[in-house]
Amino acid sequence: MADKSWQTQAQSEPGSAVLDMDLEEMEMMDDHGSSTAGGGKGQGGLADDMRQRMGENVTQMFWQAGTQSAKRAWSVYGNIDVLRPYFDVEPREVQMRLLFSLVPLKPNDQRLQVPKELYGPTMVVLTLIALLLYQMKTADHRVEEGTLIGSAFGVCFMYWLGASCTVWFAAYVCNIRFAALQVLSMMGYGLSSHCIVILLGTVLHTSHDHMFFYLLWAGVGGLATLRMATIVMSRTRGQKERMIVIGTIAALHLLFLLYLHFAYHTIVEEISDALNEKLVPVAMTYNQQTDSAAALGQLPGNDAPLVHDAPIVGGVRDALIPNVALKDAAAAESPLSFGKSALNDTALKVAVKPQNSIILGKLKNSGVIHALNE
Amino acid sequence: MADVGTVDFHDEVVDVPLEGDIDVPGAAKSDDELSTLDEPVRITILRDLRAVGNKFWHVLIPKKSSVLLKEWDLWGPLVLCTFLAIMLQGSAEEVDEMKNNDGGPQFAEVFVIYWMGAAVVTLNIKLLGGNISFFQSICVLGYCVSPLAIALVICRILLAVSVDSVAVFIVRFLFVILGFGWSTFASTAFLSESQPVGRKLLAMYPLFMFYFVISWLIISHTHS
């Protein structure tokens with residue numbers, strides 16, 4: 001080890017470009033170098049080296065620990081592989097499940113198997129979003145802030161997740177064994193009834209009454225609700241528990257379908273009805289939207305004149321429709337005056353949502369109104 | 001020197017990971033990375049443009065190739081998305097009547113549909129077991145919208161040239177259907193290899209919906 005020739009060799013090649021990663025040799029060189037200078041300095045050199053090596057080790061340890069914890073965090077939160085097992089289905093299975101979501105099977109003692117699958121429900125929700133978009137476009141629905149597709153996305157996904165949470169909680173309270181993913185799957189497949197009803201309701205919309213829609217609502221929506229009810233019934237025997245959970249499911253399911261239809265449906269038919277009956281109310285002024293709640297029951301179809309200080313027609317209809325709220329500024333900017341020949345002196349200010357060009361067109365064409373802005 | 005001789009160095013094992021660059025000072029950088037700092041901007045831009053054009057060509061003449069997948073980029077999808085969003089704006093009369101509508105929501109709507117739709121389709125493909133990366137899939141989906149963009153241009157030309165009648169509507173409808181079929185076929189050609197056998201239908205359904213929604217936006221846009 002005390003090989004002087006090696007040491008001299010190292011010293012005779014100061015400009016060497018060879019990287020020497022062998023710390024032992026470097027140590028030896030240093031030791032030799034320091035030992036040539038004097039025996040006392042050897043101790044100090046050793047301590048420095050140890051400190052340096054320890055420092056490097058510690059840095060390395062920290063780096064490794066840091067990368068490991070970062071990788072772990074990523075694998076927990078950013079890993080979609082967690083959801084992969086729930087997308088492991090065959091096309092035939094999805095087809096059968098979609099069909100059977102409208103077929104209530106008789107509940108027997110055996111539990112009705114609900115698969116923990118997320119592909120089918122996700123596709124059903126996306127189809128529902130597309131159909132809602134179609135319905136909103138057909139009805140010329142306008143959204144003040146945001147986009148149509150954004151509100152459709154929000155409504156559908158929020159319903160699916162929120163209603164599933166509510167049903168799961170109800171099942172949990174009633175001591176029914178129902179996994180959260182099974183609830184998600186069941187509610188998602190139940191939305192297929194909504195898709196069918198919305199599609200038929202928009203494509204074949206009748207002009208004046210909603211009887212066709214109500215039939216579909218009760219028929220198709222009812223079938224899906226019955227299917228979900230049989231699933232619940234096969235999991236518990238207690239009457240009270242069954243009523244609570246089935247009631248929750250039925251309420252959420254059917255009311256959501258009603259909401260989807262009426263919130264985004266065309267309102268042109270009602271306006272044309274009102275105009276055709278030629279019942280124009282006496283002078284009134286547009287007031288704050290807060291009064292519209294009071295005026296909800298008073299439509300121009302009635303014989304009684306409208307109450308003062310209440311918006312009518314467009315204002316009332318707009319109050320029924322969410323997201324189409326009349327903003328005071330918008331209403332104040334472009335009110336329309338509504339006057340008939342017999343009522344020349346009394347101008348009726350109707351705040352109709354200015355963006356609704358179909359209604360605007362119809363009202364203008366019927367010669368009943370003239371916009372103040374023209 | 002005697003004490004040095006008795007120290008046993010072989011027992012100390014230091015684990016030093018061998019990493020880092022072997023830097024020989026004075027030598028040129030290795031050719032693995034393209035150093036674009038030294039070349040004129042024009043050449044960089046032209047190279048990117050050529051790559052984008054090459055991908056458009058591969059989409060319009062669909063044949064099995066891995067160009068879109070190996071060298072993905074998002075320039076094409078961005079250009080197409082912006083083009084679609086601008087063309088699908090509302091008309092001037094609508095803007096006047098609305099007074100406070102600056103066409104904003106429609107632009108944002110197309111953007112949201114396009115990118116969220118692409119993200120959803122990509123997530124679905126990945127979750128079904130496809131071995132394709134996120135951005136590769138978005139690249140393919142974005143580039144395959146180009147036939148629909150061509151159909152949109154044709155529709156606008158038809159609407160500008162003639163009055164909107166049933167015959168014109170039928171012609172527009174046919175062109176849009178053609179564009180839709182072309183887009184779906186092209187994207188299927190690129191993405192089908194990354195899917196496991198038997199699940200192709202499951203992956204194609206959201207793709208079909210995505211192009212269907214865009215086609216429907218195009219066909220229902222009648223304002224000139």
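The values are calculated or read from the model by the stated rules, or taken from the named source; none is laboratory data. The structure presented is a predicted model; accordingly, all values stated were derived computationally and were not measured. Please note: Cβ atoms are built from the backbone with ideal geometry, for glycine as well, and neighbour counts cover all protein chains shown.
Within the range B:115-136, residues that are among the aromatic types (Phe, Trp, Tyr) have Cβ atoms under 8 Å from residues that are surrounded by fewer than 16 Cβ atoms within 10 Å (Cβ to Cβ) in these pairs: B:PHE135/B:LEU74, counting only partners at least 6 apart in sequence or on another chain.
So that you can scan it fast, the table gives a plain yes or no per residue for (1) hydrophobic (A, V, I, L, M, F, W, C); (2) touching a residue at least 24 places away in the same chain (Cβ under 8 Å); (3) touching an Asp or Glu at 6+ places or on another chain (Cβ under 9 Å):
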site	(1), (2), (3)
A:PHE87	yes, yes, yes
A:PHE100	yes, yes, no
A:LYS106	no, yes, no
A:VAL124	yes, yes, no
A:ILE129	yes, yes, no
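Those helices (runs of 4 or more DSSP H) of the range B:1-105 in which 3 or more residues are at pLDDT 75 or above occupy B:41-60, B:75-87. Just checking, does the range B:191-214 include any residue being within 14 Å of chain A (Cβ to nearest Cβ), of a type in the set (Ser, Thr, Tyr) and in a helix (DSSP H, G or I)? Yes.
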